[in-house]
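Report on the following structure.
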Amino acid sequence: MYVPCMDEEAQTLLDKYEKSGDPDIADHLIESLDAARCARWEESTTRMNFSHSTQKSWALLCQLGAAQRPPQSPRPPVSAYKVASHLVLVAKAPANKAFKRKVCDGWHQARQNFATDPCPQAISPGEVVSALGQMKLGTAPLYDIVHPEFLKHLQHLQNNIV
C-alpha cells in the first residue's frame, strides 16, 4: 500500500508500532510523515517557476486541482426506473381466485347473518380500558389515520372519568 512520503525512518517507526502498539511511536510516525510531506510541498512550490518552465508548473497546479474534485461517473449505475420496475415485479403476487372467492363468500354469509341475528352485546367500559391498555405504541395508524398514542391517552381520560 502506497503511503506518500514514507521514507526509511517512517517505515522503521511503522514496523516498531505494529510490533508494540505504543501510542508514542505512533505520534513520532505521524510527526515524521508530516515533516516529510511539508518538506516535499516546500520543494515542489519553490521549484515552480512560471518564467522558465510553465508546463511543469501548470501540470502541478492541474494535479492539485484534480485532487480536490472527486471523479464523477457519467451516470449512476442503477437508475430510479430500474429500481421501480424491479419493485413492481417483486411486489406482484399471483391472484388466488379460490381464496378471493372464499373471502367474498364469507363476507356475504356475515352480511346475511347480521340481518337475521339479534344485536350484539354492548361493550363495557372495562373492556375498552383493557383493550386500550394492550395497544402497542409506535405503530403506524390504520385507515382511520388515528395514531395508537391518541387512543392510549383515551385510556387515561377514561380512568379519570370512571
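Count, please, the residues in the stretch 78-117 that happen to be under 32 Å from the mean Cα position of the chain (by Cα), part of a loop (DSSP other than H, G, I, E, B) and surrounded by 10 or more Cβ atoms within 10 Å (Cβ to Cβ).
1
Just to be sure I understand, how many residues within the stretch 131-162 are basic (Lys, Arg) and modelled with pLDDT of 80 or more?
Number satisfying all stated conditions: 1.
Return yes when residue 38 is among the hydrophobic types (A, V, I, L, M, F, W, C), modelled with pLDDT of 85 or more and part of a helix (DSSP H, G or I) and no when it is not.
yes
Which pairs do you get when a residue that is at negative phi, found in the stretch 100-128, comes within reach of a residue that is of a type outside the set (Phe, Trp, Tyr) and modelled with pLDDT under 80, reach meaning Cβ atoms under 9 angstrom, with the pair 6+ apart or on two chains?
125/158; 125/161; 125/162; 126/162; 128/154; 128/155; 128/158
Within the stretch 1-24, which residues are β-branched (Val, Ile, Thr) and modelled with pLDDT of 85 or more?
12 - this is the single residue of the stretch 1-24 that is β-branched (Val, Ile, Thr) and modelled with pLDDT of 85 or more.
The values are calculated or read from the model by the stated rules, or taken from the named source; none is laboratory data. Just so you know, these numbers come straight off a predicted model, no measurement behind them. Every residue, glycine among them, receives a Cβ derived from its backbone with ideal geometry; neighbour counts consider all protein chains shown.
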